[in-house]
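One structure is given below, encoded as structure tokens.
The values are calculated or read from the model by the stated rules, or taken from the named source; none is laboratory data. Every value quoted in this text rests on a predicted model; they were computed, and no experiment measured them. FYI the Cβ positions are ideal-geometry reconstructions off the backbone, even for glycines, and counts take in every protein chain you see. Heavy atoms of the whole protein, side chains included, go into the accessibility calculation; ligands, DNA and RNA do not. Shrake-Rupley method; radii C 1.70, N 1.55, O 1.52, S 1.80 Å.
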Amino acid sequence: MDADQWPVGDPLREAVGVYLRSLRAARDRLCGGLDEVAGNLSDTAVAYRDADDRVRRAVRDIDH
């Protein structure tokens, strides 16, 4: 939806502008901090891979 499709001063243009700002604010509230969460998940995945590698090596060492 684009507020610019209505003439300046049109109440609908103003309403659309308010609506779009509200949507952006809601998106920011809901999605804020996702970069940190993604970083934490990535770090956790690395830790799990490291643990898997250690277990794999330990099992391999037992088998040999």
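A few points about this structure:
- Test: residue in the stretch 36-43 that is among the hydroxyl-bearing types (Ser, Thr, Tyr) and more than 30 Å from residue 4 (Cβ to Cβ): yes
- Residue 35 exposed (fewer than 10 other Cβ atoms within 10 Å of the Cβ) and assigned to a helix (DSSP H, G or I): yes
- Residues of the stretch 38-63 classified as of a type outside the set (A, V, I, L, M) and open to solvent by 90 Å² or more (accessible area, probe 1.4 Å), total: 9
- In the stretch 8-32, the residues that are outside any helix (DSSP H, G or I) and either open to solvent by 80 Å² or more (accessible area, probe 1.4 Å) or touching an Asp or Glu at 6+ places or on another chain (Cβ under 8 Å) (or both): 8
- The stretch 31-58 residues that are at pLDDT 95 or above, paired with ones that are of a type in the set (A, V, I, L, M, F, W, C) and surrounded by 10 or more Cβ atoms within 10 Å (Cβ to Cβ) (beta carbon under 9 Å, 6 or more apart): none
- For residue 1: the one exception among (1) modelled with pLDDT of 90 or more; (2) open to solvent by 90 Å² or more (accessible area, probe 1.4 Å): (1)
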